[in-house]
Amino acid sequence: GDDKEVLQYMDAHIATKSQAILKHRGIIGDVVLTAGPAGPRIDGLFVKPSVRHKELSVDVDLAGLKSAGPATLVASVVNCQTGGTDKSWALDVALPAPDKSGEAVLSDVKLPWENPALWDYKQPNLYTLKVAIKGAGLDDEFSQRFGFREFGIEGRRFLLNGRPYNFRLHGLDEATP
């Protein structure tokens, strides 16, 4: 793009020099536009699965909130492989007071779940958590994809879903199977 002259090939044996001119303008890549409601809304979900406690813990980021107050939270888990709903909950929550910008976090919402299909490197079971909140001026829903898994360290052992997990390192010049 910054050359003063470029070669233009007309045929296999004919090449001419001409002035380099960049004729592109504007956006030259993909653009994805998304929109959300202007008022109070769910801005994000942080899903924290716990295999040991058999539960999902969820932090809900809220934006545009006017005040604290009671609300109803309805959550459902959709299995990405089958498309069916595996688990659902409905509970009353207290929305926290927002800061000056209208943002707040509804922390540590506990959703008990006895027998989820665990995510594993050989079986990447995935779910979509759909959360809807109504009350205190808020009426919105949000979805987040996740795998139900827990990674931990005990001493020198790495644990995946409560079981020992051994990492195997490959050389940089070797092809991985």
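So here's what we get for this one:
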| read-out | value |
| --- | --- |
| Cβ crowding within 10 Å averaged over residues, with 51-61, 152-162, 84-94 ranked highest first | 51-61, 84-94, 152-162 |
| Rounded accessible area per residue of the chain, 1.4 Å, Å² | 73 Å² |
| Principal axis dimensions, largest first and in whole angstrom, of the chain by Cα | 76, 49, 34 |
| Dipole of the chain [Lys/Arg +1, Asp/Glu -1 at C-beta], most positive-end residue of N125, G137, I42 | N125 |
| Shape metrics for segment 1-74, restricted to C-alpha atoms - Rg then Dmax, Å | 28.1, 79 |
| Segment 14-164: relative contact order as a whole-number percent, Cα under 8 Å and 6+ apart | 24 percent |
| Fully extended contour minus Cα-Cα distance, from Q19 to I153, at 0.36 nm per residue | 42.0 nm |
| Check: the chain dipole with +1 on Lys, Arg Cβ and -1 on Asp, Glu Cβ, in debye | 320 debye |
| Segment 8-96: relative contact order as a whole-number percent, Cα under 8 Å and 6+ apart | 18 percent |
| Whole-percent carbon and sulfur share, accessible surface of segment 1-132, 1.4 Å | 52 percent |
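The values are calculated or read from the model by the stated rules, or taken from the named source; none is laboratory data. Every value quoted in this text rests on a predicted model; they were computed, and no experiment measured them. Cβ atoms come from the backbone with ideal geometry, glycine included; neighbour counts cover every protein chain shown. The area values use the complete protein model at the heavy-atom level, side chains included, leaving out ligands, DNA and RNA. Shrake-Rupley method; radii C 1.70, N 1.55, O 1.52, S 1.80 Å.
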